[in-house]
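Only the coordinates and a few stated rules stand behind these numbers; no lab work does. Note that the structure is predicted; figures quoted are calculated from it, not measured. Note that we place each Cβ from the backbone using ideal geometry, even for glycine, and neighbour counts take in every protein chain shown.
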Amino acid sequence: MMRLHDLTARDIAHGVTQGNFRAEDVVRDCLDHIAARDGKVLAWEYLDADGAIAAARRADAGEHRGLLAGVPFGIKDIFDTADMPTGYGSPIFAGHRPASDAATVALPRRAGAVALGKTVTTEFANVHPGKTHNPFDPTRTPGGSSSGSAAAVGARMVPLALGTQTTASTIRPASFCGTHALVGSFADISCSGIRQASWSLDRPGLFARSIDDLALFRHVLLGERDTPAWPEPLLPRIGFCRTHLWNDVEPSTQAMLEAAAACLGRAGAAVTDISLPDHFAEIPDAHRWISSYEFTRNFTYEVEHHWKRISSTLRQGRLRDGLGCSYQQYRRAWDYAARCRAQVLAVFDEVDVLLTVSAAGEAPAGTATGNPAFGAIWTALHLPSLNLPAFTGPSGLPVGLQLVAAPHRDRELLGCGLWVEQRLG
């Protein structure tokens, strides 16, 4: 018998709205599951059990019967919350209480969703890891920087969670933790109230248990209140894009991607090999300078007043790069990335989606969050991307498949993803 914490967001909202079960029962079942599992996973920075139960009771009383009525969700701890502390993954902000919710927190709450708490983030959503472990193997990383959100959904503690992506901070942990995830087109979803790493790159990330749930969550975060049109499976034209990083992909992952492309071709998709222009190999370097320059300017106060409370990982990495990056070097990188964004549009004259890797392979052992390069390309290009938990690696751990679409073709991306998922089983 399926427990309530195992239901999708869509099924929870339907069940609560129809009176098939209570939102309070869903929340209590999620809290029980968290109590059973989080001692090893450590996905949560702050859990607001009393507040969640109170919000669920309001949903049951009919106060909030929107599209996400009674649906529990987790919030990466760089999103401001008026009723919970927001620490940004740093001891500098321990106990910090924002005055208001981030837009991406307020919108799900308006739709009836129940915030269970704040999930662990790496320090300032950068590379220094938090305490979270991979839900499938506690000796391995959950990825980063949205580590707690990916692990909480992967461990079936909540059906939905919010993350962010500056490089690969949603797609990579989704791959490692076996969840669906969407990073939408640049600037489609508000970043207001999110502690920003890079104004040219940051986007909210969505974690869920299904493509339908991603579509529903996205609909709410766009501020829509009408019932969404659910994604229909779309027979796609697929470009198999290995990129210049193919040699960095683990052989087992290469084999799984090759087999998936062949399977989709046999199922009726038009599958072609797509190579990006040679000079796109410089995108990771451009991303490095753009993200480092902008991050350092955004965190000037912390650098000036709390330098010693910042991890050595961050001081010797992105902050060192950013402090050493001139405006002229930043502009060269930014202008190059802008040219690449214009040039990549021609690729989508021939294909609907690109099929590529989400990460090099299974989650690596230890605390380092994994190679982010496979996300940096698509993030810098401002393209929407989708992780499907498609494979199982040689150690029995999840490995994702990434689909990438043209800007503002997010709904078509979800439809293509649904078709791909159905064919791959």
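Legend: ranking of residues H244, H133, H287 from fewest to most surrounding C-beta atoms inside 10 Å; resulting order H244, H133, H287. Counting beta carbons within 10 Å around each of W199, W378 and listing the fewest first gives the order W199, W378.
Derived scalar couplings between HN and Hα for the stretch 369-374 equal 7, x, 5, x, 4, 6 Hz in order, rounded to whole Hz, by the Karplus curve 6.51 cos²θ - 1.76 cosθ + 1.60 (θ = phi - 60°), x for Gly and Pro.
For M84, nonlocal amide neighbours, meaning residues 5 or more places apart or on other chains whose placed amide H falls under 5 Å from its own, do not occur.
Once backbone amide H atoms are built at 1.01 Å from N, V271 has I238 as its partners under 5 Å, excluding neighbours fewer than 5 places away on the same chain.
Distances between placed amide hydrogens fall under 5 Å for G393 paired with V399, all partners being 5 or more residues away or on another chain. To the nearest 500 deg cm²/dmol, what mean residue ellipticity at 222 nm is calculated for the chain from DSSP H runs of n ≥ 4 alone, each contributing -39,500 (n - 2.57), summed and divided by the residues? Helix contribution divided over all residues of the chain: -11500 deg cm²/dmol. W307 sits among other residues whose Cβ lies under 15 Å from its own Cβ, and their net charge, with Lys and Arg +1 and Asp and Glu -1, is +2.
Just checking the listed ones, V183, V220, V351: in the Gaussian network model of the chain with Cα springs under 10 Å, the one fluctuating most is V351. If the segment from R225 to R237 were pulled out straight at 0.36 nm per residue, it would be longer than the present Cα-Cα gap by 1.1 nm. Placing unit charges on each Cβ (+1 for Lys and Arg, -1 for Asp and Glu) gives the stretch 4-221 a dipole about its Cα centre, and among C30, V158, T132 the Cα reaching farthest toward its positive end belongs to T132.
Look at I75, I194, I53 and count the other Cβ atoms within 10 Å of each Cβ; fewest to most, that gives I53, I194, I75. Please work out the FRET efficiency for the pair D83 and T392, using the Cβ-Cβ distance as r and a Förster radius of 35 Å; give the result to the nearest 0.05. My answer for the efficiency is 0.35.
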